[in-house]
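**Student:** Take a look at this one; I'll ask things after.
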Amino acid sequence: MLLPSRFSFPLCALLLLASSAWASEPDLDREQRMADEIVDVIWDGEAIELEADGQSFLAIYLEAEEPLGTVVLAHGRGFHPDWETVINPLRVGLAEAGWNTLSIQMPVLEKSAKYFDYVEIFDSAGPRLEAAINFAKTQEARKTVLLAHSCGSHMAQRWIKNNPSNALASFDAYVGIGMGATDYKQAMVEPFQLDKMPMPVLDLYGADDYPAVLRMAPERLEMLRAAGNPVSEQVVVAGADHYFKGKNQALVEAVETWLSKLD
């Protein structure tokens, strides 16, 4: 596996290669087990199947009464589209605020897999994001927003990096939550694409987020400024950790407030 030049020093290369004992394909059996556990207990929205690369995956669609647009939600590492922290509050709260929401199952690995392990399956997320955005556009909503939390943001950034022209033309705004989270002594293997994203971008994180997220906040802000969209913004939620435990309402309000600024 070739690493970016900014991350080519031997120790990081060895760590990444050492982690490659994990499968380079998503754990579809685990995804199915999670789907079986949650589909029958979804209170808000409709469980649907989307397809990417010849494989179906779970999504949950919740329609607003008079939709302003559709928000596609990509959860963090190892979770599911109705995850009780971050994702469920956002998909339900934003629908109540007038946005259709489509929360999708992102690729997962075994529970103990770390960031370097997940790098091996980042490319599997791209076709799912494309399928979700294509579905969102069939709902006749004005705007399509891509929202990604934690590892979901890594996957979204890989998709944008690999397919800039198609990806950047497919959605109207981007919300990244807790961007830059990795594991202990596992640095990001490729840069953010924020400076290449001309659409409005919200960089949202908690004041008590992971050290890497906090440390790279100035770099992300400079990228937003370089991209030059006047609506782009970096917002910090006071008292919130990476998972916004006890701060879900503040999370929803922060995203809703920013979305209201879109033309």
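The values are calculated or read from the model by the stated rules, or taken from the named source; none is laboratory data. Note that this is a predicted model, so its numbers are computed, not measured. Every residue, glycine among them, receives a Cβ derived from its backbone with ideal geometry; neighbour counts consider all protein chains shown.
**Student:** The conditions are (1) more than 23 Å from residue 246 (Cβ to Cβ); (2) at pLDDT 95 or above; (3) in a loop (DSSP other than H, G, I, E, B); (4) of a type in the set (Asp, Glu), and residue 65 fails exactly one of them. Which is it?
**Tutor:** Status for residue 65: all satisfied but (2).
**Student:** Can I ask one more? Quick check on my filter: what residues within segment 108-125 are in a helix (DSSP H, G or I) and under 13 Å from residue 57 (Cα atoms)? Quick ask: steps written out before the conclusion?
**Tutor:** Let us first name the residues in segment 108-125 that are in a helix (DSSP H, G or I), namely 115-119, 122-125.
Passing the criteria: 124, 125.
**Student:** A further question on this structure: Show the residue pairs meeting these rules: Cβ distance below 6 Å; 6+ apart or different chains; first residue within segment 140-159 and surrounded by 24 or more Cβ atoms within 10 Å (Cβ to Cβ); second residue in a helix (DSSP H, G or I).
**Tutor:** Close Cβ pairs satisfying both conditions: 148/156; 151/118; 155/122; 155/125; 159/126; 159/129; 159/167.
**Student:** Report yes if some residue within segment 197-205 is crowded, with 16+ Cβ neighbours inside 10 Å, among the acidic types (Asp, Glu) and modelled with pLDDT of 95 or more; otherwise report no. Before the answer, list the steps.
**Tutor:** Within segment 197-205, the first condition is being crowded, with 16+ Cβ neighbours inside 10 Å, and the residues that meet it are 197, 199-205.
If we keep only those that are among the acidic types (Asp, Glu) too, we end up with 203.
From the residues that got through so far, the ones that are modelled with pLDDT of 95 or more too are 203.
Yes, the conditions are met somewhere in segment 197-205.
**Student:** If you don't mind, another one. Sort out which residues of segment 35-47 are in a strand (DSSP E or B) and either surrounded by 14 or more Cβ atoms within 10 Å (Cβ to Cβ) or among the aromatic types (Phe, Trp, Tyr) (or both), and write them in order of number. Even if it seems obvious, please write down each step before you answer.
**Tutor:** Within segment 35-47, the subset in a strand (DSSP E or B) is 46-47.
The one that is in a strand (DSSP E or B) and either surrounded by 14 or more Cβ atoms within 10 Å (Cβ to Cβ) or among the aromatic types (Phe, Trp, Tyr) (or both): 47.
**Student:** Next up: Hey, among the residues in segment 160-172 that are assigned to a helix (DSSP H, G or I) and in contact with a Pro (Cβ under 9 Å, 6 or more places away or on another chain), which one's surrounded by the most Cβ atoms within 10 Å (Cβ to Cβ)?
**Tutor:** Ranking the candidates gives 161 first.
**Student:** Evaluate the following for residue 89: is it modelled with pLDDT of 95 or more and out of contact with any Leu (no Cβ under 9 Å at 6 or more places or on another chain)?
**Tutor:** Values: modelled with pLDDT of 95 or more: yes; out of contact with any Leu (no Cβ under 9 Å at 6 or more places or on another chain): no.
It is false that residue 89 is modelled with pLDDT of 95 or more and out of contact with any Leu (no Cβ under 9 Å at 6 or more places or on another chain).
**Student:** Evaluate segment 207-225: report whether one residue or more is buried (at least 17 other Cβ atoms within 10 Å of the Cβ) and on the phi > 0 side of the Ramachandran plot.
**Tutor:** No: zero hits.
**Student:** Something else now. Taking segment 33-54, which residues are more than 16 Å from residue 103 (Cβ to Cβ), under 20 Å from the mean Cα position of the chain (by Cα) and modelled with pLDDT of 95 or more? Step through it out loud before you land on a result.
**Tutor:** Going residue by residue through segment 33-54, those that are more than 16 Å from residue 103 (Cβ to Cβ) are 33, 36, 40, 51, 53-54.
Checking which are under 20 Å from the mean Cα position of the chain (by Cα) leaves us with 51, 53.
Within segment 33-54, 51 is the sole residue that qualifies.
**Student:** If I ask for residues that are in contact (Cβ under 8 Å) with a residue 60 or more places away in the chain, over 21 Å from residue 142 (Cα atoms) and not hydrophobic (A, V, I, L, M, F, W, C), which ones from segment 36-74 would you list?
**Tutor:** Result: 51, 53.
**Student:** Of all the residues that make up segment 209-263, how many are assigned to a loop (DSSP other than H, G, I, E, B), charged (D, E, K, R) and closer than 15 Å to residue 86 by Cα?
**Tutor:** First pass over segment 209-263, keeping only residues assigned to a loop (DSSP other than H, G, I, E, B): 209-210, 216, 228-232, 238-247, 260-263.
Then keep just the ones that are charged (D, E, K, R); that gives 209, 241, 245, 247, 261, 263.
Still in the list and also closer than 15 Å to residue 86 by Cα: 209, 241, 245, 247.
Going through segment 209-263 one residue at a time, the tally reaches 4.
**Student:** I'd like to know if segment 94-107 contains one or more residues that are of a type outside the set (Gly, Ala, Ser), over 30 Å from residue 185 (Cβ atoms) and in a helix (DSSP H, G or I). Walk me through how you get there before you give the answer.
**Tutor:** Narrowing segment 94-107 to residues of a type outside the set (Gly, Ala, Ser): 94, 96, 99-102, 104-107.
Next cut, over 30 Å from residue 185 (Cβ atoms) only: 94, 96, 99-102, 104.
With in a helix (DSSP H, G or I) added as a condition, the list becomes 94, 96.
Within segment 94-107, one or more residues are of a type outside the set (Gly, Ala, Ser), over 30 Å from residue 185 (Cβ atoms) and in a helix (DSSP H, G or I).
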